[in-house]
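Participant: Let me give you the structure first, and then I'll get to my questions.
Nothing in this text is a laboratory measurement; each read-out follows from the coordinates by a stated rule. It should be emphasised that the depicted structure is a prediction, and the values quoted were computed from it without experimental measurement. Counting neighbours? That spans all protein chains shown, and the Cβs are built from the backbone with ideal geometry, glycine included.
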Amino acid sequence: MKSDRSIKDFLAEAEDILETANQTMLSLESEQAAGRSAPDLVNGLFRAIHSFKGLAGMFGLKAPSELSHKLEFLLDEVRLGKTALSRDVLDVLFETVALLGRHVQQVGNKEQPEDIAAALDRIDGILKAKPSTAADRSILDQIEIDRGLLQVLTEYEEYRLKENIREHKNLFTIKALFELTDFEKGIKNLNDVLKKNAEIICTLPTAGAAAGGIGFTIVAGTAMGRDELMSAINMPKVSFDPITYVEGRKVEEQRAVSETGAIKSVSNTVRVDIYKLDGLMNVVGEMHLTKNIIGRIARELRSMHGFAGLSVDLHKAQRSLERKLNDLQEGILEVRMVPIGQIFTRLSQMVRKYAKEVGKEIDLHLSGEETELDKLMIEDLADPLMHLIRNAIDHGIELPEIRKQQGKPEHGVVKLAAFPKGNHVVITVEDDGAGIETKNILAKAVQKAVLPSDHGLDPETDRKEILDIIFLPGFTTRETVTEISGRGVGLDVVKRNVSKLSGMIDIDTETGMGTKFIITLPITLAIIKALVVEAGGEVFAVPLSAVLEIIQATHDQVETVETREVMAIRGDTIPLYRLTKAFKLTPKPSSNSFYLILVGLAERRLGIMVDGLRDQQEIVIKPLGKRISEIPGIAGATELGDRRGVVLVLDVESLIEGALKRSVVVSRQ
Amino acid sequence: MKNVLIVEDSKAIRSMMRVSLEEMGEFFAVEAGNGFEALKTLPTRRFNLIITDINMPDINGLELISFVKSNAAYKDIPLIIVSTEKSEEDQKRGIALGATGYVVKPFKKEDLMAAVNKALEGE
């Protein structure tokens with residue numbers, strides 16, 4: 001029963017449930033802040049944790065099962081009115097759900113689950129503080145209601161009925177009849193419109209009008225009077241019988257306030273395994289190769305006698321196939337794309353918690369949640385983004401007193417934004433804190449022996465290079481290893497994670513004003529267009545998204561500045577990269593001219609020197625083995641479908657990185 | 001072949017129950033994710049047993065039991081409740097309404113099988 005497949009089932013369902021729980025808690029928090037109670041939301045949260053508990057138990061997962069059991073108990077006390085939903089209780093709810101989330105990840109990674117003792121104690125602390133009141137059955141005697149109905153109420157439904165009685169809401173027994181063949185639409189309509197005007201306490205199916213029918217008896221409570229409710233529902237065949245209060249009290253106040261109803265609607269979605277989509281993309285990639293072979297055959301046919309007509313037909317067919325493949329590819333890519341808002345939600349909870357821990361007030365602004373990114377990439381983004389945000393909160397934003405002195409609002413502002421930019425997505429993490437001083441970086445770098453004391457860097461003119469230093473391993477701005485950098489995670493790891501996604505990270509900062517990290521990522525790593533080039537007799541592929549221009553040049557245009565080869569292109573000095581040198585190949589002897597592939601990302605430029613250009617085609621970048629994949633400069637490998645074998649795909653981003661480092665810093669790597 | 005209707009809102013748990021029943025060889029299990037689906041499925045074949053969760057949104061397990069027991073076509077079908085230990089009160093109400101037994105989550109396959117066999121003894 002605990003096969004890999006069923007663990008996948010657990011993970012998918014568990015993640016869904018916790019996502020729902022998190023959204024519900026956030027909604028609950030804002031309702032509380034607005035002074036509104038929201039029994040629907042509390043019940044929704046209870047149900048989610050109840051489901052999670054059942055799920056974890058069935059899969060034999062002790063820690064999450066035990067913890068969710070405790071949490072479910074607490075939530076039951078809250079929904080039955082035995083424990084008030086105070087600020088403290090809300091905090092404990094958030095923390096516990098976050099811990100359950102980590103448990104799910106640990107299950108997925110086959111790691112030991114985090115310890116739950118402290119979390120259990122926290123919940124116990126709350127439960128001990130509130131004395132539970134005894135259940136009061138006599139309240140039900142205040143109304144005249146069919147005893148048969150009372151018997152089918154669950155404990156929760158009974159509590160909601162009592163609450164409605166306590167609040168002297170108008171109670172109704174609503175009866176509707178439907179045909180068995182299509183009752184779902186009817187009852188769904190009735191439920192939807194009823195929920196907007198009343199609280200549904202219970203729904204009891206009954207016999208229908210005739211053999212092929214089915215009926216429903218619904219007990220609902222509302223502030224509306226009978227006539228108002230009936231006209232709001234506007235379904236003539238549905239009967240409304242008021243439930244009378246025994247003392248003869250029937251509150252007919254027509255309050256303008258309408259009940260808040262249900263929370264979220266469930267969308268019509270299908271859960272898809274992302275690795276199946278990867279498989280589909282591979283198939284499309286291979287179809288591209290076959291399509292290229294067809295193109296080659298068409299070309300060869302053209303030059304043969306008597307096959308001209310056939311060749312034209314074949315060529316047309318290839319073009320059509322290409323269009324269809326592109327459509328298919330776009331379709332699959334669309335399915336893989338998910339809005340980045342998914343991780344934004346998780347991050348905003350972390351901000352709450354962390355800000356509290358360090359005693360700072362933080363306003364988190366989110367924008368661009370709907371910006372879409374490949375699902376696999378999104379998962380790998382969560383950690384780097386979390387780290388950047390924690391950095392902003394910890395190092396960037398000043399303590400409230402200091403901010404007040406500087407005339408800044410006491411609440412620190414952290415802005416998390418995402419927006420598309422051509423074939424890329426840009427994600428920024430910005431704070432309005434203290435900013436980073438280049439002077440301090442230099443001092444720290446020398447202290448940590450990341451730079452020699454005679455580095456010769458000027459804090460003003462060499463700003464860009466100095467800021468890059470904070471991404472070097474071994475450089476952190478705090479002595480104490482706090483929880484964030486606890487596992488030795490520095491900005492260098494953030495950068496490495498971003499590079500793994502073929503992205504780049506830049507930093508913008510101003511002393512006293514704040515800091516902004518800018519991450520630029522390709523939208524997807526699946527199929528990309530690439531330029532196929534030749535150097536030293538070998539073939540390489542360069543992702544087209546990074547290619548700005550192709551220039552033909554001669555060797556005498558190459559200059560050497562401080563051991564680096566550069567070339568002047570329209571007034572800019574562009575560093576060069578010789579593929580033959582990097583891969584230790586023999587350069588093509590005779591020719592004086594070469595091709596320069598000008599690549600760039602963000603503001604950086606690099607000229608890759610190659611002997612010749614071959615083609616432009618779609619490729620699927622396949623990962624290399626673990627050992628080789630850590631080599632900077634290589635993104636992976638691909639096949640071109642022409643019997644040449646495996647071709648290396650260049651990782652333009654890391655090439656640009658490597659080329660721009662001053663030799664001084666490079667020698668420290 | 002005995003037909004069993006499983007009413008349970010967690011897909012993963014539903015699947016596990018179905019697999020357990022079908023492994024026994026003599027059961028054909030039909031799944032329903034909520035009370036409405038159960039109502040739709042009941043008329044589609046002659047069921048020998050209904051296994052239902054109690055805590056479900058909209059129509060809860062107790063309401064489903066009450067409906068089944070008050071319907072001439074279904075009232076003789078034995079019912080098993082699936083619940084959690086905290087809902088003792090709900091278990092009691094379920095038995096009072098006519099369920100023959102219950103299993104408590106998380107349950108082992110053997111517990112489910114014992115409850116199923118006991119429920120079918122009467123037939």
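Participant: For chain A, calculate the relative contact order in percent as a whole number, restricting contacts to Cα pairs under 8 Å that are 6 or more residues apart.
Facilitator: Taking the mean separation of contacting Cα pairs over the length of chain A, I get 8 percent.
Participant: Additional query: Given contacts defined as C-alpha pairs under 8 Å and at least six residues apart, what's the relative contact order of the stretch A:4-129, whole-number percent?
Facilitator: Relative contact order comes out at 27 percent.
Participant: Also: Restricting to the protein assembly as shown, compute how many DSSP beta bridges are antiparallel as a %, nearest 5.
Facilitator: Of the beta bridges lying entirely in the protein assembly as shown, close to 75 percent run antiparallel.
Participant: Also, quick follow-up: For the pair A:ASP227 and A:LYS196, how long in nm is the line joining their label points, each one 7 Å along Cα→Cβ?
Facilitator: In this crude label model, A:ASP227 to A:LYS196 measures out at 2.2 nm.
Participant: Which whole-Hz ³J(HN,Hα) couplings does the stretch B:111-121 yield from phi under the Karplus relation 6.51 cos²θ - 1.76 cosθ + 1.60, θ = phi - 60°, glycine and proline marked x?
Facilitator: Working through the residues one at a time gives 4, 4, 5, 4, 5, 5, 4, 4, 4, 7, 4 Hz.
Participant: Rounded, prolate or oblate: which fits chain B when a ≥ b ≥ c are the square roots of the eigenvalues of the alpha-carbon gyration tensor, with rounded for a/c under 1.5 and prolate only if a/b beats b/c?
Facilitator: Note, shape of chain B comes out rounded.
Participant: On to the next question. Using only helices, what value at 222 nm comes out for chain B when you add -39,500 (n - 2.57) per DSSP H run of length 4 or more and divide by the total residues, to the nearest 500 deg cm²/dmol?
Facilitator: Taking each H run of at least 4 residues, the total per residue is -12500 deg cm²/dmol.
Participant: For the stretch A:4-129, rounded, prolate or oblate, judged on the Cα gyration tensor with a ≥ b ≥ c (square roots of eigenvalues), a/c < 1.5 rounded, else prolate if a/b > b/c?
Facilitator: Here the stretch A:4-129 falls in the prolate category.
Participant: Here's something else I'd like to know. Between A:GLU401 and A:ALA117, what FRET efficiency comes out of the Förster formula 1/(1 + (r/R0)^6) with R0 = 45 Å and r the beta carbon distance, rounded to 0.05?
Facilitator: 0.80
Participant: For the stretch A:526-598 and the stretch A:426-476, write down the distance between their C-alpha centroids in whole Å.
Facilitator: Measuring centre to centre over Cα atoms gives 31 Å.
Participant: Label A:SER37 and A:LYS128 with points 7 Å out from Cα along Cα→Cβ: what is the distance between them in nm?
Facilitator: Placing both labels 7 Å along Cα→Cβ, they lie 2.8 nm apart.
Participant: Moving to a separate point now. Determine the alpha carbon to alpha carbon distance for each of A:LYS444/A:LYS464; A:LYS276/B:LYS40; A:LYS8/B:LYS11 and list only those over 24 Å.
Facilitator: Working: A:LYS444/A:LYS464 16 Å; A:LYS276/B:LYS40 33 Å; A:LYS8/B:LYS11 13 Å.
Pairs exceeding the cut-off: A:LYS276/B:LYS40.
Participant: A further question on this structure: Given R₀ = 25 Å, what would the calculated FRET efficiency be for A:GLN552 paired with A:ILE297, taking r from the Cβ atoms and rounding to 0.05?
Facilitator: 0.25
Participant: Report, ordered by chain and residue number, the lysines lying within cross-link reach of A:LYS581, taken as a straight Cα distance under 19 Å and ignoring same-chain residues fewer than 8 apart.
Facilitator: A:LYS661
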